[in-house]
2 protein chains.
Amino acid sequence: MLAMVALFLLTCSMTFSVTILGSGAAIPMLHRNPSAQVVNVHEKLFLFDCAEGTQLQLRKNRIKLQKIGHIFISHLHGDHYYGLMGLITTLHLLGRTAELHVYAHEPLEKLILMNLDASQTVLRYPLVFHAIDPSAGEMVFSSKIATVTTIPLNHNFPVSGFIIRERKSPPNIRKEFLEGRELSNLDYRRIKAGADYIDPEGKVHANEDITRAPMPARAYAYCSDTAYHEPVIPLVSGVDLLYHEATFMEDRAADAAAKFHSTAIQAATIAKKAGVKRLLLGHYSARYRDLEALLAEARTVFPDTLLAQDGLVIEL
Amino acid sequence: MLAMVALFLLTCSMTFSVTILGSGAAIPMLHRNPSAQVVNVHEKLFLFDCAEGTQLQLRKNRIKLQKIGHIFISHLHGDHYYGLMGLITTLHLLGRTAELHVYAHEPLEKLILMNLDASQTVLRYPLVFHAIDPSAGEMVFSSKIATVTTIPLNHNFPVSGFIIRERKSPPNIRKEFLEGRELSNLDYRRIKAGADYIDPEGKVHANEDITRAPMPARAYAYCSDTAYHEPVIPLVSGVDLLYHEATFMEDRAADAAAKFHSTAIQAATIAKKAGVKRLLLGHYSARYRDLEALLAEARTVFPDTLLAQDGLVIEL
């Protein structure tokens, strides 16, 4: 039983997943909602963008609304934030008391306050707004488990992408070493912090002999709306998963450039040059129903490419 | 063929229907969206309230978004307007050029403008905002086919209900009279305006002999969020269909009173006292999954009661 609990805790504590709530561009479609994603890091939920319908998409994907603690809005085009007021209000109506943190460009704070004022709503929970600077690439969130850093993107409008990085885990104590010993909590903490262990007989066990290296810290980068933009490359270098918008196929490269969006091949080129592990495409123009051809184009440049589709869950 | 076209035009011109896009209360559910309804009067579309998700509900019910000319928002609680910005933006992105008229309480205009400003959007079409006075019962819209009048409701917040009334049709010219005659357009118009007809032989045909009374003008009343409120009764007297919120069942009458909502029996009592033809219930609390018991309660007072459910179309 204890072993099962430990296994469960171990599994939980290691979660790093992305759930796609909306994979489409500006216009909501019945089969494809606009941008929203939930990132689960060690069972803490982070929402990236919040288009109209996000709260229903959360329900549909059986994600507990109240577990969301931090919401990051990449920019103030409606297909990235028109679901925010609905979610804020529903969390209030369902009795939330925990803080909710919203990270976005400055004008959104006033919009939130005006909407609350229009409905004479005094939220039951603290809503903490963090204004982010669209011109900077800087850490905007930091906790024991993860950090979030902004990525200045290149759209016809200020847009911030985000990288969420898991904190480096401490080393794991080897099972063989633990067998037959009773370590105090203090011993555990010391060893995990890198100390050697002196056993009751006075024997010194070198830290490197009794531990093994932890899983490498994982990272996910979210580049929502952007033209092909090489300054992104060093910022997302080597991430485990890069989400990069791919609004158009290559025959519409001129459209993409004119609208400051990317083609699938441009997204794949960024992925290749940045040496990321996997690429996730999204923000498809409503003109593309079947996405296989768009995927095929990207894979000619970067084979480890996936299609974001509403409801898809990707484990990192 | 001509007869078919005429029949089609006749059928179209006589449409008066209500399509329920959302029948729930404040919290959107997978099976029940918050408040929004489309009223079709002679193929002109009027939207009553516009909760989050309304544009997708319009698509789901195969209603052409661009056919909506007038949007009436009953009040500024989010479950009645959080879908408005999304709809306004989508109409723009789809290339609308026709005017869109929005009727709502005054603070909504500023919210719309601030959202457009935040996204640096200059709409391709004229959006005309009409501020309505929540304390008045007054005509806010008038055209050749219909009028819309507000109904001051009794909520813990300013709320306007709406009555949409078809204009009285002109009399119909009897088929028997038309057979074998060739009337000019002017003759048609004169007879429909009540004039007698003098035929080429000089014979006078009295208007009442050659016409028959038109269909009586129909009316639909929409009472969105309100406590039991008898001043509504004379205003909705005799309408063909009364939508009245029924958030709770009778065992929660105290809840209803405290929250300025109604029970199903209270809605039915208003319908009975106002002598309406049919009653349509809606705005159900999320606690009620199965609505049959709620309907049964209303029918003890007013048998001609229907349940609003998402996707229901009611012909008047």
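Given 20 °C and 1.002 mPa s, compute D for the protein assembly as shown with the Stokes-Einstein relation, Rh being the Kirkwood radius over Cα pairs; round to the nearest whole µm²/s.
On the way: Rh = 27.9 Å.
It diffuses with D of about 77 µm²/s by this estimate.
Let's test this: bin the Cα-Cα distances of chain A at 10 Å from zero up to the farthest pair and state each bin's percent.
The distribution over chain A is 6, 25, 30, 20, 12, 6, 1, 0, given as percents.
Using per-residue counts of other Cβ atoms within 10 Å, averaged over each peptide, order B:229-236, A:101-108 from highest down. Mind showing how you got there, number by number?
Numbers: B:229-236: 16.6, A:101-108: 19.6.
Packing order, densest peptide first, comes out as A:101-108, B:229-236.
How do A:Phe16, A:Phe260 rank by accessible surface area computed with a 1.4 Å probe, from largest to smallest? The partial results should precede the final answer.
Details: A:Phe16 0, A:Phe260 75 Å².
Correct descending sequence by accessible area is A:Phe260, A:Phe16.
With θ set to phi - 60°, apply the Karplus curve 6.51 cos²θ - 1.76 cosθ + 1.60 along segment B:82-90 and write out the HN-Hα couplings as whole Hz, x wherever there is a Gly or Pro.
Coupling constants for segment B:82-90: 5, x, 5, 4, x, 5, 4, 5, 5 Hz.
Order A:Asp49, B:Asp304, A:Asp187, most accessible first, counting only protein heavy atoms with a 1.4 angstrom probe. Don't skip to the end; give the middle numbers.
Details: A:Asp49 0, B:Asp304 90, A:Asp187 35 Å².
The residues order as B:Asp304, A:Asp187, A:Asp49, largest area first.
So how do B:Ile198, B:Ile314 rank on accessible area, 1.4 Å probe, biggest first, that is with the largest at the start? It would help to have the intermediate numbers written out before the result.
Numbers: B:Ile198 110, B:Ile314 10 Å².
These residues rank, largest area first, as B:Ile198, B:Ile314.
Residues of A:103-116, mean number of Cβ from any other protein chain within 10 Å of their own Cβ, rounded to a whole number? Each step should come with its number before you reach the end.
On the way: counts 0, 0, 1, 1, 5, 1, 0, 2, 6, 0, 0, 5, 8, 1.
For peptide A:103-116, the averaged partner shielding equals 2.
If you count, for every residue in A:80-87, the Cβ atoms of partner chains within 10 Å of its Cβ, what is the mean?
Working: counts 1, 4, 11, 6, 1, 6, 11, 3.
Mean number of neighbouring Cβ atoms from other chains: 5.
If I take every Cα pair under 8 Å that is 6 or more residues apart in chain A, average their sequence separation and divide by the length, what percent do I get for the relative contact order? All intermediate terms of the calculation are to be shown ahead of the outcome.
Details: 661 pairs, mean separation 50.6, N = 316.
The value is 16 percent.
If you add up the charges near A:Tyr220, with Lys and Arg at +1 and Asp and Glu at -1, over every other residue whose beta carbon is less than 13 angstrom from its beta carbon, what do you get?
Numbers: positive: A:Arg165, A:Arg218, A:Lys277, A:Arg278; negative: A:Glu166, A:Asp240, A:Glu315.
Cβ neighbours under 13 Å give a net charge of +1.
Would you kindly calculate the translational diffusion coefficient of segment A:156-243, applying Stokes-Einstein with the Kirkwood radius from alpha carbon pairs, for 25 °C and a viscosity of 0.890 mPa s, and quote it in µm² s⁻¹ without decimals?
150 µm²/s
What residues have an amide H closer than 5 Å to that of B:Tyr103, excluding those fewer than 5 places away on the same chain, when H is modeled at 1.01 Å from N in the peptide plane?
The answer is B:Ile71, B:Phe72, B:Ile73, B:His130.
Karplus couplings for segment A:266-277 from phi (6.51 cos²θ - 1.76 cosθ + 1.60, θ = phi - 60°), rounded to Hz, Gly and Pro as x?
5, 4, 5, 5, 4, 4, 5, 5, 8, x, 6, 7
Could I have the simple spin-label model distance between B:Thr97 and A:Glu106, label points 7 Å from Cα toward Cβ, reported in nm to one decimal?
3.9 nm
With every protein chain left in place, what is the accessible area per residue of the protein assembly as shown in square angstrom, probe 1.4 Å?
On the way: 28290 Å² over 632 residues.
For the protein assembly as shown, the per-residue accessible area is 45 Å².
Per-residue counts of other Cβ atoms within 10 Å, averaged by peptide: what ranking do you get for A:52-65, A:126-139, highest first? Intermediate values should be presented prior to the final figure.
Details: A:52-65: 19.9, A:126-139: 14.2.
Highest to lowest by the protection proxy: A:52-65, A:126-139.
Shielding of A:47-59 by partners, i.e. mean partner chain Cβ atoms within 10 Å per residue? Present the calculation step by step, with values, prior to reporting the outcome.
Numbers: counts 0, 0, 0, 0, 1, 12, 7, 1, 5, 7, 1, 0, 4.
Mean number of neighbouring Cβ atoms from other chains: 3.
Could you calculate the contour length gain from B:Lys168 to B:Lys277, that is, 0.36 nm times the residue separation minus the distance between their Cα atoms, to one decimal place in nm?
Extending this stretch completely gives an extra 37.4 nm.
Can you compute the modelled spin-label distance between B:Leu113 and B:Tyr188, with each label point 7 Å from Cα toward Cβ, in nm?
With each label placed 7 Å out from Cα toward Cβ, I get 4.5 nm.
Lys and Arg at +1, Asp and Glu at -1: add these up for the other residues within a Cβ distance under 13 Å of A:Pro158 and post the number. Provide the component values of the computation, followed by the final result.
On the way: positive: none; negative: A:Glu106, A:Asp133, A:Asp225.
Charge balance near A:Pro158 sits at -3.
Could you please state, rounded to a whole Å, how far the C-alpha centre of segment B:38-92 is from the C-alpha centre of segment B:166-217?
39 Å
Along the Cα→Cβ direction, 7 angstrom out, place labels at B:Met215 and A:Val204. What is the inter-label distance in nm?
9.7 nm
With the full set of protein chains in place, find how many percent of the accessible area of chain B is carbon and sulfur; take the probe as 1.4 Å.
Details: 7880 of 14130 Å².
Accessible surface attributable to carbon and sulfur in chain B totals 56 percent.
Near A:Arg167, within a Cβ-to-Cβ distance under 15 Å, what is the net charge of the other residues, with Lys and Arg +1 and Asp and Glu -1? Please report the intermediate quantities before stating the final value.
On the way: positive: A:Lys44, A:Lys144, A:Arg165, A:Lys168, A:Lys192, A:Arg218; negative: A:Glu43, A:Glu166, A:Asp240.
Local charge sum for A:Arg167: +3.
Could you give the radius of gyration (one decimal) and Dmax (whole number) of the Cα atoms in segment A:1-152, in Å?
Rg and Dmax of segment A:1-152, Cα atoms, are 16.2, 53 Å.
Starting from the Cα gyration tensor of segment B:58-124, take the square roots of the eigenvalues, sort them a ≥ b ≥ c, and report rounded, prolate or oblate (rounded when a/c is under 1.5, otherwise prolate if a/b is larger than b/c, else oblate).
Judged from the Cα gyration tensor, segment B:58-124 comes out oblate (a/c at least 1.5, b/c at or above a/b).
For helix A:2-14, what angle does its Cα long axis make with the longest principal axis of chain A, in degrees from 0 to 90 and rounded to 10?
40 degrees
The values are calculated or read from the model by the stated rules, or taken from the named source; none is laboratory data. Small disclaimer: the values here were computed from a predicted structure and weren't measured. We place every Cβ from the backbone using ideal geometry, glycine too, and count neighbours over all the protein chains shown. What goes into the accessible areas is simple: the full protein's heavy atoms, side chains included, and nothing from ligands, DNA or RNA. Shrake-Rupley method; radii C 1.70, N 1.55, O 1.52, S 1.80 Å.
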